């Protein structure tokens, strides 16, 4: 499985009504930084990938204006509250991440150590 495929697999597990950050996904994988997650999302052509559930560490969209508006509208449809500045309260809506069992079975089995790396 390629790095991008592993990134997409993690993103597919973010539940409706929750968000994850680029850095959080990178830490889950333990083999890349937040920018790699952004590059993977930018490269995806899969219309079923819930890309809109990935935000920056401040709870904001990192997309240009039109893309950011679409992202926030999709999140609102899932029950995520967005404030007047376009920010999401991560203390309320941040995904806790996958279970240990999922990570062990999916990621460690793919050749990673399972340890998280620091944001770069």
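Below is a table of values for the structure above.
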item: Whole-number percent relative contact order across region 6-68, with pairs defined as alpha carbons under 8 Å at least 6 apart; result: 38
item: Compactness relative to 2.2 N^0.38 Å, alpha carbon Rg of region 1-45; result: 1.04
item: Taking 66, 73, 9 and counting other C-beta atoms within 10 Å, the order from fewest to most; result: 66, 73, 9
item: Least to most buried among 103, 1 (fewest other Cβ within 10 Å first); result: 1, 103
item: Packing-based exposure ordering (other Cβ within 10 Å, fewest first) of 51, 102; result: 102, 51
item: Region 3-110 - percent relative contact order, Cα under 8 Å, separation 6 or more; result: 31
item: Cα-derived Rg to Rh of region 30-84, Kirkwood definition; result: 0.97
item: Compactness relative to 2.2 N^0.38 Å, alpha carbon Rg of region 3-110; result: 1.02
item: Mean ellipticity per residue at 222 nm, deg cm²/dmol - from DSSP H runs of n ≥ 4 across the chain, formula -39500 (n - 2.57); result: -12000 deg cm²/dmol
item: Between helix 65-77 and the chain: long-axis angle, C-alpha atoms, 0 to 90°, nearest 10; result: 80
item: Cα long-axis angle, helix 3-12 against the chain (0 to 90 degrees, to the nearest 10); result: 50
item: Cα-based helix-to-principal-axis angle, 34-43 vs the chain, degrees rounded to 10; result: 70
item: Segment residue 65-residue 1, extension gain: residue separation times 0.36 nm, minus the distance between their alpha carbons; result: 19.7 nm
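Read the figures in this text as sums done on the coordinates, not as results from a lab. Since the structure is predicted, the reported quantities are computational estimates derived from the model, not experimental observations. Don't worry about glycine lacking a Cβ; one is built from the backbone with ideal geometry, like all the others, and counts go over all protein chains shown.
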